[in-house]
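To keep things clear, I will list the structure first and then write my remarks on it.
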Amino acid sequence: MRTMQVAVKDLGVTYPISEGTLTVIDDFDLHVQSGQMVCLAGRSGSGKTSILKALAGFHVPTVGSVTWNGTDLRAMSPAEVADLRREHVGYMDQEAALLPELTALENCLVPILPDGRQAVRRARVRAREMLEALGLGERLGWRPAQLSGGERQRLVLARVFTQQTPAIIADEPTASLDRTWADRVIEHLRNHAHQGGLVVVASHDPAVSQAANQTMHLT
């Protein structure tokens, strides 16, 4: 697995509101490298999701920097960041963004499509394996609307693992899962880090925090 380092320096995130601006994150630092799993813990509204989106290159920080393997994302165009993210970062959000017209198996293959038919053919085997491992082996042909909330969340995780990116960034990956499936998901995330991957997770789940190498509590 390719090595990966993600670093955040003096990160600040603000949003405009009617009264002016709202500061969500101020002067935040983080450094994660291959082989590590880091958990961001804290109350709702503490900025966990904003940090993850900045880490994944979806949001440009108001101040500070985000670097992947030493490359500052601010020096890149949005298209360049998107291309680099597809190769290096698997992202799971709380909304479980899936394409409603595609089946579970097809949704897992979407990030691989730009790599061509041979890559998709190889990834199809991996996708089936991950869907089976996450309890969706009998749902390959089902569309997102036919799945429960927990199944959709596991489908997004299967898609992330199908990508085989060195970094995984996940927002509340166990929120809609019962304890049994939550523990299995945590095991998959830990294994990714143990195999040389990098994992950053935002979670209220104490079991996620216990599994991580480091937990950062946001207030």
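If a residue has to be modelled with pLDDT of 90 or more and either under 18 Å from the mean Cα position of the chain (by Cα) or in a strand (DSSP E or B) (or both) to count, how many in region 55-77 make the cut?
14
Does region 23-56 hold any residues that are in contact with a Pro (Cβ under 7 Å, 6 or more places away or on another chain) and either under 15 Å from T165 (Cβ atoms) or without any contact (Cβ under 8 Å) to a residue 40 or more places away in the chain (or both), and which are they?
Residue satisfying the conditions is S34 alone.
Let's see how each residue does on (1) more than 27 Å from V6 (Cα to Cα); (2) among the hydroxyl-bearing types (S, T, Y); (3) part of a helix (DSSP H, G or I):
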| site | (1), (2), (3) |
| --- | --- |
| P111 | no, no, yes |
| R121 | yes, no, yes |
| V125 | yes, no, yes |
| L131 | yes, no, yes |
| G150 | yes, no, yes |
| I169 | no, no, no |
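Within region 1-54, take every residue that is among the basic types (K, R) and assigned to a loop (DSSP other than H, G, I, E, B) and give me the one that is farthest from Q214 (Cα to Cα).
Result: R2.
Which number in (1) closer than 22 Å to S50 by Cβ; (2) touching an Asp or Glu at 6+ places or on another chain (Cβ under 9 Å) marks the one condition that A211 misses?
(1)
Anything in region 16-69 that is basic (K, R) and closer than 21 Å to A207 by Cα? List them, or say none.
Listed by number, the residues that qualify are R43, K48.
Determine which single condition M130 fails, assuming it passes every other condition in (1) among the hydrophobic types (A, V, I, L, M, F, W, C); (2) in contact with a His (Cβ under 9 Å, 6 or more places away or on another chain); (3) closer than 30 Å to T21 by Cα.
(3)
The values are calculated or read from the model by the stated rules, or taken from the named source; none is laboratory data. Just so it is clear, the structure is predicted and the values come from calculations on it, not from any experiment. Note that we place each Cβ from the backbone using ideal geometry, even for glycine, and neighbour counts take in every protein chain shown.
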